[in-house]
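The values are calculated or read from the model by the stated rules, or taken from the named source; none is laboratory data. None of these values were measured; they are calculated from a predicted model. Virtual Cβ from ideal backbone geometry, glycine too; neighbours counted across all protein chains shown. Ligands, DNA and RNA are excluded from the accessible area calculation, which covers all protein heavy atoms including side chains. Shrake-Rupley method; radii C 1.70, N 1.55, O 1.52, S 1.80 Å.
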Amino acid sequence: MRHCCEAMERQLGHQCAMHPDPHECADALVTYSERFDEYGLIIHDGGSAVSSISFCPWCGTKLPQSWRDVWFDEIEALGIDPWEDQVPSDFETGAWRAGRAHPGRDGAVT
């Protein structure tokens, strides 16, 4: 997947030899969720918190609208509790979005 600019590509590609989990590495600033097509700033507070962002901090490009709410609606419609039940493998990646129009995007298909 291509991201909006070289700086975003570098940040998302950052690999730390000392901290394999980006939430533990102070040099890791952003995260991307393929499942939700969502970007966020990592909150380095010892947990896994992320603050969603709508624009790239480096180039200012508007980032895609998150699919998080749609994902949870789809999972619920399938009768799946994502906290308790096995989630279908295509819902673990962005594959579940293939050919679907985001409800908040004026019918645009991603």
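When you scan the stretch 41-49, do you find a residue that is out of contact with any Leu (no Cβ under 7 Å at 6 or more places or on another chain), of a type in the set (S, T, N, Q) and either under 18 Å from G104 (Cα atoms) or not in a loop (DSSP other than H, G, I, E, B) (or both), even just one?
Checked the stretch 41-49: no residue is out of contact with any Leu (no Cβ under 7 Å at 6 or more places or on another chain), of a type in the set (S, T, N, Q) and either under 18 Å from G104 (Cα atoms) or not in a loop (DSSP other than H, G, I, E, B) (or both).
Would a scan of the stretch 89-98 turn up a residue that is closer than 17 Å to L12 by Cβ, open to solvent by 30 Å² or more (accessible area, probe 1.4 Å), free of Cβ contacts under 8 Å to residues at least 60 places away in the same chain and not in a loop (DSSP other than H, G, I, E, B)?
Within the stretch 89-98, not a single residue is closer than 17 Å to L12 by Cβ, open to solvent by 30 Å² or more (accessible area, probe 1.4 Å), free of Cβ contacts under 8 Å to residues at least 60 places away in the same chain and not in a loop (DSSP other than H, G, I, E, B).
Looking at (1) open to solvent by 80 Å² or more (accessible area, probe 1.4 Å); (2) of a type outside the set (V, I, T); (3) without any contact (Cβ under 8 Å) to a residue 24 or more places away in the chain, find the lone condition where P103 falls short.
Failed condition: (3).
Filter the stretch 38-66 down to the residues that are within 23 Å of H102 (Cα to Cα) and of a type in the set (S, T, Y), then identify the one that is surrounded by the most Cβ atoms within 10 Å (Cβ to Cβ).
The extreme case among them is Y39.
How many residues does the stretch 1-12 contain that are surrounded by 13 or more Cβ atoms within 10 Å (Cβ to Cβ), hydrophobic (A, V, I, L, M, F, W, C) and not in a helix (DSSP H, G or I)?
Number satisfying all stated conditions: 2.
Identify, please: which residue in the stretch 13-28 is assigned to a helix (DSSP H, G or I) and within 14 Å of V50 (Cα to Cα) and is, among those, least open to solvent (accessible area, probe 1.4 Å)?
Here the residue is H23.
Hey, could you check the stretch 66-110 for residues that are among the small types (G, A, S) and touching a strand residue (DSSP E or B) at 6+ places or on another chain (Cβ under 7 Å) and say which is modelled with the highest pLDDT?
Looking at the filtered set, the residue picked out is S66.
Does W83 satisfy the condition of being farther than 16 Å from Y39 by Cβ, of a type in the set (F, W, Y) and part of a loop (DSSP other than H, G, I, E, B)?
yes
Quick one: in the stretch 67-88, of everything that is open to solvent by 80 Å² or more (accessible area, probe 1.4 Å) and without any contact (Cβ under 8 Å) to a residue 12 or more places away in the chain, which residue is nearest to C5 (Cα to Cα)?
D69
Here is a yes/no grid of residues against (1) more than 26 Å from P22 (Cβ to Cβ); (2) within 17 Å of the chain's Cα centre (by Cα):
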| position | (1), (2) |
| --- | --- |
| A49 | no, yes |
| P64 | no, yes |
| D69 | no, yes |
| D73 | yes, yes |
| W83 | no, no |
| S89 | no, yes |
| W96 | no, yes |
